[in-house]
Amino acid sequence: GKDFRYREAVGFGRSPLGPVLAGGMAAGLAGLVAGMSFAPSRAVLDRLLPDPGEGPGEDARRNGYFRIEIYARTDSGAMLRTKVSAHGDPGYAATSVMLGESALSLAFDGEALPDRAGVLTPATAMDGALADRLRLAGFTCHPERYRG
């Protein structure tokens with residue numbers, strides 16, 4: 001809808017070192033953007049940065065995790081928050097679990113799927129059946145009412 005907003009954030013903890021780490025990451029990203037903007041520095045960075053398709057190592061995939069918080073307001077004005085988290089690198093390990101469980105839900109949960117058609121998000125297409133499968137695979141999902 002017209003009030004849709006999206007934001008991503010990276011947490012660095014609450015220690016005194018958190019702001020320093022956040023500043024370092026911001027400076028590093030700004031330097032990367034600047035470096036990729038000019039052909040000579042882009043040529044050097046192309047040799048230093050990972051090649052397309054080259055992802056994190058096994059330890060990073062295994063030890064990674066993600067946690068997201070989704071905030072929504074219903075038409076009646078109720079505010080909701082859902083916290084979703086899982087272990088495993090979100091770009092590789094956790095994503096492959098989500099894809100696999102989505103395929104299994106489509107293949108085996110036909111009676112439990114909503115009667116909908118069209119271009120749908122996985123949550124809309126598979127609803128509770130997919131959420132149940134993801135919980136069994138180690139994902140957590142905690143919906144709650146929220147007071148902003």
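The values are calculated or read from the model by the stated rules, or taken from the named source; none is laboratory data. Model, not experiment: these values are computed from the prediction. Here the Cβ is made from the backbone with ideal geometry for all residues, glycine too, and neighbour counts use every protein chain on show. The area values use the complete protein model at the heavy-atom level, side chains included, leaving out ligands, DNA and RNA. Shrake-Rupley method; radii C 1.70, N 1.55, O 1.52, S 1.80 Å.
Quick notes
- Hits in region 50-77 - residues which are more than 21 Å from Thr140 (Cα to Cα) and open to solvent by 70 Å² or more (accessible area, probe 1.4 Å): Pro50, Asp51, Pro52, Gly53, Glu54, Glu58, Asp59, Arg73, Asp75, Ser76
- Condition met for Gly35 (farther than 25 Å from His142 by Cβ, surrounded by 10 or more Cβ atoms within 10 Å (Cβ to Cβ) and in contact with a Ser or Thr (Cβ under 7 Å, 6 or more places away or on another chain)): yes
- Some residue of region 131-147 being aromatic (Phe, Trp, Tyr), over 15 Å from the mean Cα position of the chain (by Cα) and not in a helix (DSSP H, G or I): yes
- Looking across Arg42, Arg14, Arg47, one residue alone is surrounded by 10 or more Cβ atoms within 10 Å (Cβ to Cβ) and not aromatic (Phe, Trp, Tyr). It is Arg42.
- Exactly one residue out of Arg147, Arg133, Arg116 is open to solvent by less than 60 Å² (accessible area, probe 1.4 Å) and basic (Lys, Arg), and it is Arg133.
- Under the condition of being touching a residue at least 24 places away in the same chain (Cβ under 8 Å) and within 16 Å of the chain's Cα centre (by Cα), the residues counted in region 111-129 number 1.
- Leu21 modelled with pLDDT of 95 or more, surrounded by 11 or more Cβ atoms within 10 Å (Cβ to Cβ) and hydrophobic (A, V, I, L, M, F, W, C): yes
- Boolean, Arg81 is among the basic types (Lys, Arg), within 24 Å of Arg5 (Cβ to Cβ), out of contact with any helix residue (DSSP H, G or I) (no Cβ under 7 Å at 6 or more places or on another chain) and surrounded by 14 or more Cβ atoms within 10 Å (Cβ to Cβ): yes
For (1) among the hydrophobic types (A, V, I, L, M, F, W, C); (2) at pLDDT below 90; (3) part of a helix (DSSP H, G or I), each residue gets a yes or a no:
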site	(1), (2), (3)
Phe4	yes, yes, no
Pro50	no, yes, no
Asp59	no, no, yes
Arg81	no, no, no
Ala86	yes, no, no
Ala103	yes, no, yes
